[in-house]
1. Among what's in the stretch 131-157 and is assigned to a strand (DSSP E or B) and within 26 Å of the chain's Cα centre (by Cα), pick the residue that is nearest to residue 167 (Cα to Cα).
2. Hey, can you tell me all the residues within the stretch 61-91 that are without any contact (Cβ under 8 Å) to a residue 12 or more places away in the chain, over 23 Å from the mean Cα position of the chain (by Cα) and in a helix (DSSP H, G or I)?
3. Check whether at least one residue in the stretch 184-194 is surrounded by fewer than 21 Cβ atoms within 10 Å (Cβ to Cβ), touching a residue at least 24 places away in the same chain (Cβ under 8 Å) and acidic (Asp, Glu), and report yes or no.
4. Could you pull out the residue among 103, 118 that is among the hydroxyl-bearing types (Ser, Thr, Tyr), assigned by TED's automatic domain parsing to the domain that holds residue 161 and outside any helix (DSSP H, G or I)?
5. Return yes or no: is residue 208 more than 16 Å from residue 255 (Cα to Cα), among the basic types (Lys, Arg) and part of a strand (DSSP E or B)?
6. Say we look at the stretch 76-92 and pick out the residues that are out of contact with any Leu (no Cβ under 8 Å at 6 or more places or on another chain) and surrounded by fewer than 18 Cβ atoms within 10 Å (Cβ to Cβ); which of these is nearest to residue 174 (Cα to Cα)?
7. Quick check on my filter: what residues within the stretch 127-136 are surrounded by fewer than 22 Cβ atoms within 10 Å (Cβ to Cβ) and at pLDDT 95 or above?
8. Quick test of your reading of the structure: residue 228 fulfils all but one of (1) buried (at least 20 other Cβ atoms within 10 Å of the Cβ); (2) outside any loop (DSSP other than H, G, I, E, B). Name the failing condition by number.
Amino acid sequence: MDLGEGLRKAIARLSGATIIDSKSIREFNKELQKALLGSDVEVKLVLALTKKIEEAALKSDLPEGVTPRDYITNLVYEELVKLMGKKYEPVLEPKRILLLGLYGSGKTTTSAKLAKFYQDRGLSSALVCCDVSRPAAYEQLETLAKQAGVGFFGIKNENSVRRIVKGAVSALKDKKVVIFDSSGRNALDAQLIEELKEINSEADPKEKILVISADIGQVAGKQAKEFDEAVRLTGVIVTKLDGSGKGGGALSAVNAANVNITFIGTGEKLGNIELYDSKKFVGRLLGIPDIESLISHVQQAVKEANINPEEMAMTELNFESFYAQLKAMSKMGPIKNMLGMFGVVDAPKEMLEQSEVKMKRYKSIIGSMTAEERKDERLMHNSDRIKRVAVGSGTSEKDVRELLKDFGKMKKMVGALQNDRDMKRKLAKFMPKM
């Protein structure tokens, strides 16, 4: 059970409560403690948090018109936000950034995500390979730089990080943001500390950011302290928050170590990185919709997929516009993350996995259609065309017929929405301005 599921189950126990008394709040706190401890949040932090919730809940009367469940949910939300740290807002200006981290943290991929983040916001970026110990580190970072559309510098088979940094500073003068990807280790040792100090001295980075995997739980706090003592960190990025039940433990531990969390990684794709905002993070755990982030993701996905917003217009739903929507959705990361922004957080895992597979299959099928078939789906109601598209997409005729059936249902639903003025007015509030 992940942290969000545990929190929501604890709150669900208050569904039938009509009053808040010491007995009900103690029972609730037991469930809350189980959820937090099960997600590797440090014991002292858990006890302190539940004590604050109990004191706040019992010292004042329940506000008029507010249910016990909503009142406690709000208390839990406020205390968890304090536990998880402050919102991060980066200054968009020229800078050098040193990324640090141990093996398995996702540091190298994160460096490409970070470079892309800044480049997408108008600051030309580049990656520098300062990993002189891991085989194929140069090739991996060079490939990621190409995928992200950013600059790259490295000196293959060079063992001196000082020489690499000197070369990078000279070669990348035209880049606004330069990110130095350092070596990793299984643990912080004297040799790694020396390498990091050399990069720090030669590059003089404005930011020194540690990359930590969420699945290590409260050990994240210990790592943050050790690296901070070595090079004085300016921040931490926590990765793998898309599927780790230990996410709350890692975030709370880093905050307790008095190091700011800057970004979080929410998936494997280069766009799956978000500015850290404890309010949004806790909100998703509790199933509170995050429409602002959803709109931002849609806008970024449409841009990355090179889609003309008019292609996605619901007034002309055909396989061409549907294909554009599928392309955009594939750029937004795991379906679980998207549903979480809607506040839908407990969808069955099997259903999510099936949906991911079906999306990929439908993209392949539509990609095998002719331009005429995409614009006029009626042409596809033909056995010969179905057979040809199935062969071309590597799927079965049954899969193609399933797409036609699902598309027909979607078209009816869109037609109903277009005729419902009240619904259109409500949806308009949440649609992105493109």
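The values are calculated or read from the model by the stated rules, or taken from the named source; none is laboratory data. As the structure is a computational prediction, the values presented were derived from the model and not from experiment. In this analysis, Cβ positions are derived from the backbone assuming ideal geometry, glycine residues included, and neighbour counts consider all displayed protein chains.
1. So in the stretch 131-157, the residues assigned to a strand (DSSP E or B) come out as 151-153.
This time we only want the ones that are within 26 Å of the chain's Cα centre (by Cα), so: 151-152.
Numbers: 151: 14, 152: 12 Å.
Residue satisfying both the conditions and the ranking: 152.
2. 70, 74
3. There is no residue in the stretch 184-194 that is surrounded by fewer than 21 Cβ atoms within 10 Å (Cβ to Cβ), touching a residue at least 24 places away in the same chain (Cβ under 8 Å) and acidic (Asp, Glu).
4. So the residue among 103, 118 that is among the hydroxyl-bearing types (Ser, Thr, Tyr), assigned by TED's automatic domain parsing to the domain that holds residue 161 and outside any helix (DSSP H, G or I) is 103.
5. Details: more than 16 Å from residue 255 (Cα to Cα): yes; among the basic types (Lys, Arg): yes; part of a strand (DSSP E or B): yes.
Yes.
6. 91
7. Our first condition is that a residue be surrounded by fewer than 22 Cβ atoms within 10 Å (Cβ to Cβ); within the stretch 127-136, this holds for 132-136.
Listed by number, the list is empty, since nothing qualifies.
8. Among (1) buried (at least 20 other Cβ atoms within 10 Å of the Cβ); (2) outside any loop (DSSP other than H, G, I, E, B), residue 228 violates only (1).
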